[in-house]
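Working notes for the structure below.
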Amino acid sequence: MMDFKKKLGQELQPYMGEMSLEEIISTIEVPKNADMGDFAFPCFKLAKVFRKAPNAIAQELVEKIELSDAFAKVENVGGYLNFFVNRNAFAEAIINEVMDKKNQFGSSKIGEGKVVCIDYSAPNVAKPFHVGHLRSTVIGNSLYRINEFLGYKCVGINHLGDWGTQFGKVIVAYRNWGNKEEIEKEPIKTLLDLYVKFHDEAEANPALEDEARGWFTKMEQGDEEALSLWQWFSTETIKELKKVYALLDVQFDYYQGESFYNDKMDVVLEEMKEKKLLQESEGAVIVDLSEFDMPPCLVQKKDGSTLYATRDITAAIYRKNTYNFHKCLYVTDYSQNLHFAQWFKVIELMGFPWAKDILHIPFGRVTHEGRRIQTRKGNVVLLEEVLTGAVTRVKEIIEEKNPNLENKEQIAQDVGIGAVIFNDLSNNRIKDISFSWETAFSFEGETGPYVQYTHARASSVLRKAEMEVTSDFNPEVLTDDVTMTVLKDLQRFPEVIQDAERKNEPSIITRHIIDIAQGFNRFYHDHPILVEDVETKKARLAVVYAVKEVLSIGLYLLGIKAPEKM
Ligand code: ARG
């Protein structure tokens with residue numbers, strides 16, 4: 001399609017001295033207020049080049065610049081060149097582009113030939129899968145889809161916490177109070193209950209702690225009984241996790257939990273030793289990072305066991321060797337900032353040039369109704385509770401408002417789960433969010449159900465129209481401000497996706513599709529679509545079609561379904 005911004009850049013270049021086309025394009029802004037034009041070029045940068053005040057330069061340029069038919073006029077406002085597109089050409093170009101690309105509108109090949117590893121979700125076996133893990137799952141999954149849409153080959157990895165001292169505790173608890181059938185029926189909950197019970201009992205009977213440590217040591221030494229229990233706990237947990245992921249429509253290319261690296265760490269420790277990075281400290285082995293104002297990175301405990309960081313270092317090297325990533329993203333909450341900063345530094349000190357390609361993508365904490373989520377005791381909102389709760393709520397609403405809807409179960413699931421995901425991706429990821437049933441499931445305001453509903457509304461108009469939407473429409477019908485606002489947002493969509501990828505920030509897409517939905521609802525309200533006049537009807541239907549397509553792509557990139565009916 002005609003990329004108006006690029007085209008404007010090209011048309012401006014002859015007047016811009018030495019400035020490169022890229023620089024010109026990146027200087028072009030979109031004015032907040034549409035009365036100020038569709039694009040603006042601030043002349044401040046030119047002041048140095050031409051040795052004149054920006055306003056004088058702008059005035060001179062306004063008189064000199066000759067623009068093609070793609071633009072209707074240019075004005076100088078206080079040193080800004082404000083450009084107005086030719087609305088006919090603009091409407092025609094953007095709608096035709098969407099019609100042409102369909103569900104690939106906004107996709108690109110910029111990532112072609114490059115691999116992006118994404119490490120997300122990564123809950124811990126026998127500990128709760130809480131809304132923090134849900135956030136990692138949802139952000140990681142969206143980043144996966146965004147990167148893939150831009151041509152990257154993605155490798156999604158679930159770095160499950162499937163090794164660690166908690167297993168010693170659960171083994172003790174299981175042997176004392178456990179029940180096989182219960183674990184097989186509800187592994188995540190049952191193992192967590194055992195873990196919690198262990199802590200309760202250990203308060204009164206500290207000897208249990210020693211026993212648990214003993215069992216974990218057995219695991220590390222390859223004891224058959226210990227390992228077979230551990231294996232069984234993990235297998236049952238993964239089975240149940242997969243059900244949850246299916247509900248969320250999230251997949252992983254690999255389940256490579258922490259235990260996957262058990263036999264791969266020796267070599268790495270050896271390599272660190274050769275590179276003279278290791279020091280002894282009170283019997284433990286560390287990498288000193290005081291030079292970088294960080295506490296030491298602990299890689300081996302006194303008893304010889306390895307740590308979370310050792311496994312992360314080993315995993316990164318394994319991933320580089322196996323997948324040869326262009327970048328590797330780690331999606332966790334910001335409480336792990338230091339952990340990542342430390343071991344990233346170790347990778348750098350080991351001399352790996354790809355140290356710059358491993359990136360921590362931190363996100364804010366999730367509190368529940370204002371309270372911190374704790375692991376060991378109470379106040380844990382289990383993932384499944386949230387998801388099934390969401391679906392139940394939506395079902396109730398459907399029963400009340402639209403009881404004859406076909407396919408109710410599926411739609412309740414798509415909308416309920418979509419609401420949770422959308423809520424998680426609504427704000428800058430680094431912001432803390434308070435999870436509350438009220439805001440997550442509200443059907444008004446800036447929520448998932450609102451955008452899904454707008455998509456269903458557009459779908460319904462297209463169904464009722466009983467007329468094929470084609471590129472044979474008259475764009476003159478679409479040049480009013482309200483319609484133009486919608487079209488401009490559609491036009492920016494490809495840029496928005498790339499911005500989201502660069503900043504690893506799905507919320508940029510969330511915000512943008514809210515804008516599109518709001519703009520569309522204004523359009524829908526102001527402009528009757530299924531009217532007698534065929535020319536008007538055809539043109540407006542073309543807008544409806546394009547909006548429906550873009551909303552559905554946007555929702556897809558967030559990991560949310562776009563039902564045709566609601
Ligand atoms: N299991 C960890 C947790 O629940 C998250 C793991 C993140 N990924 C990683 N490679 N460290 O906090």
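Could you give me the residue pairs with C-beta distances under 8 Å whose first residue belongs to region 247-265 and is closer than 24 Å to residue 310 by Cβ, whose second residue is within 14 Å of the ligand (Cβ to nearest atom) and among the charged types (D, E, K, R) wherever it lies, and which are 6+ apart or on separate chains?
These pairs meet every condition: 257/162; 258/162; 258/311; 259/162; 261/311; 265/311.
Quick grid of which residues meet (1) surrounded by 15 or more Cβ atoms within 10 Å (Cβ to Cβ); (2) more than 21 Å from the chain's Cα centre (by Cα):
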{"residue": "386", "(1), (2)": "yes, no"}
{"residue": "421", "(1), (2)": "yes, no"}
{"residue": "435", "(1), (2)": "yes, no"}
{"residue": "446", "(1), (2)": "yes, no"}
{"residue": "457", "(1), (2)": "yes, yes"}
{"residue": "464", "(1), (2)": "no, yes"}
{"residue": "471", "(1), (2)": "no, yes"}
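Would you mention how many residues in region 287-298 are of a type in the set (A, V, I, L, M), touching a residue at least 40 places away in the same chain (Cβ under 8 Å) and assigned to a strand (DSSP E or B)?
Total meeting the criteria: 1.
Could you tell me whether region 484-504 includes any residue that is farther than 15 Å from residue 30 by Cβ and in contact with an Asp or Glu (Cβ under 9 Å, 6 or more places away or on another chain)?
So far as region 484-504 goes, no, none of its residues is farther than 15 Å from residue 30 by Cβ and in contact with an Asp or Glu (Cβ under 9 Å, 6 or more places away or on another chain).
For residues in region 301-345 being more than 23 Å from residue 364 (Cα to Cα), outside any helix (DSSP H, G or I) and modelled with pLDDT of 95 or more, which is nearest to the ligand (Cβ to nearest atom)?
325
Please count how many residues of region 103-122 are within 16 Å of the ligand (Cβ to nearest atom) and of a type in the set (D, E, K, R).
1
Hey, can you tell me all the residues within region 226-264 that are away from the ligand (no atom under 16 Å from the Cβ), assigned to a loop (DSSP other than H, G, I, E, B) and closer than 18 Å to residue 385 by Cα?
If the condition is that a residue be away from the ligand (no atom under 16 Å from the Cβ), assigned to a loop (DSSP other than H, G, I, E, B) and closer than 18 Å to residue 385 by Cα, then 249 is the only one that fits.
Taking interchain pairs and intrachain pairs at least six residues apart, which have beta carbon atoms under 6 angstrom, with the first residue in region 453-474 and within 21 Å of residue 514 (Cα to Cα) and the second crowded, with 20+ Cβ neighbours inside 10 Å and modelled with pLDDT under 95?
Final answer for the pair search is 453/566; 456/566.
I'd like to verify a number: residues in region 241-269 that are more than 21 Å from the chain's Cα centre (by Cα) and of a type in the set (A, V, I, L, M, F, W, C), how many?
5
Every residue, every condition in (1) in a helix (DSSP H, G or I); (2) at pLDDT 95 or above; (3) among the basic types (Lys, Arg), yes or no:
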| residue | (1), (2), (3) |
| --- | --- |
| 18 | no, no, no |
| 31 | no, no, no |
| 41 | no, yes, no |
| 83 | no, yes, no |
| 99 | yes, yes, no |
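Any idea which residue in region 132-169 is nearest to the ligand (Cβ to nearest atom), counting only those that are over 19 Å from the mean Cα position of the chain (by Cα) and of a type in the set (Phe, Trp, Tyr)?
Applying the filter and picking the extreme gives 163.
Take residue 284 and tell me if it is of a type in the set (Gly, Ala, Ser), without any contact (Cβ under 8 Å) to a residue 40 or more places away in the chain and surrounded by 14 or more Cβ atoms within 10 Å (Cβ to Cβ).
Taking the combined requirement at face value, the residue satisfies it.
Considering only residues of region 101-135 that are in a helix (DSSP H, G or I) and closer than 30 Å to residue 190 by Cβ, which is modelled with the lowest pLDDT?
The qualifying residue modelled with the lowest pLDDT is 131.
Output yes when any residue across region 181-203 is polar (S, T, N, Q), modelled with pLDDT under 95 and surrounded by fewer than 17 Cβ atoms within 10 Å (Cβ to Cβ), and no when none is.
no
If we scan region 148-156, do we find a residue that is modelled with pLDDT of 95 or more and part of a helix (DSSP H, G or I)?
Scanning region 148-156 turns up at least one residue that is modelled with pLDDT of 95 or more and part of a helix (DSSP H, G or I).
Among the listed residues 420, 381, identify the single one that is within 16 Å of the ligand (Cβ to nearest atom) and either acidic (Asp, Glu) or at pLDDT below 95 (or both).
Sole residue among the options that is within 16 Å of the ligand (Cβ to nearest atom) and either acidic (Asp, Glu) or at pLDDT below 95 (or both): 381.
Among the acidic types (Asp, Glu) and part of a helix (DSSP H, G or I), is that true of residue 66?
Here the answer is no, as residue 66 does not meet what is asked.
Of the numbered conditions (1) surrounded by 12 or more Cβ atoms within 10 Å (Cβ to Cβ); (2) modelled with pLDDT under 95; (3) among the basic types (Lys, Arg), residue 401 fails exactly one; give the number of that condition.
(1)
Kindly indicate whether residue 195 is free of Cβ contacts under 8 Å to residues at least 60 places away in the same chain and either within 16 Å of the ligand (Cβ to nearest atom) or under 19 Å from residue 240 (Cβ atoms) (or both).
no
Residues of region 346-373 being modelled with pLDDT under 95 and in contact with a His (Cβ under 9 Å, 6 or more places away or on another chain), which ones?
366, 368, 373
Would region 80-102 turn up any residue that is away from the ligand (no atom under 16 Å from the Cβ), farther than 24 Å from residue 241 by Cβ, out of contact with any strand residue (DSSP E or B) (no Cβ under 8 Å at 6 or more places or on another chain) and without any contact (Cβ under 8 Å) to a residue 12 or more places away in the chain?
yes
For the subset of region 69-88 comprising residues that are aliphatic (A, V, I, L, M) and buried (at least 18 other Cβ atoms within 10 Å of the Cβ), which member is nearest to residue 492 (Cα to Cα)?
85
Looking only at region 529-554, count every residue that is closer than 15 Å to residue 489 by Cβ and either aliphatic (A, V, I, L, M) or modelled with pLDDT under 95 (or both) and tell me the total.
Qualifying residue count for the region: 7.
The values are calculated or read from the model by the stated rules, or taken from the named source; none is laboratory data. Computed from a predicted structure; not experimentally measured. Here the Cβ is made from the backbone with ideal geometry for all residues, glycine too, and neighbour counts use every protein chain on show.
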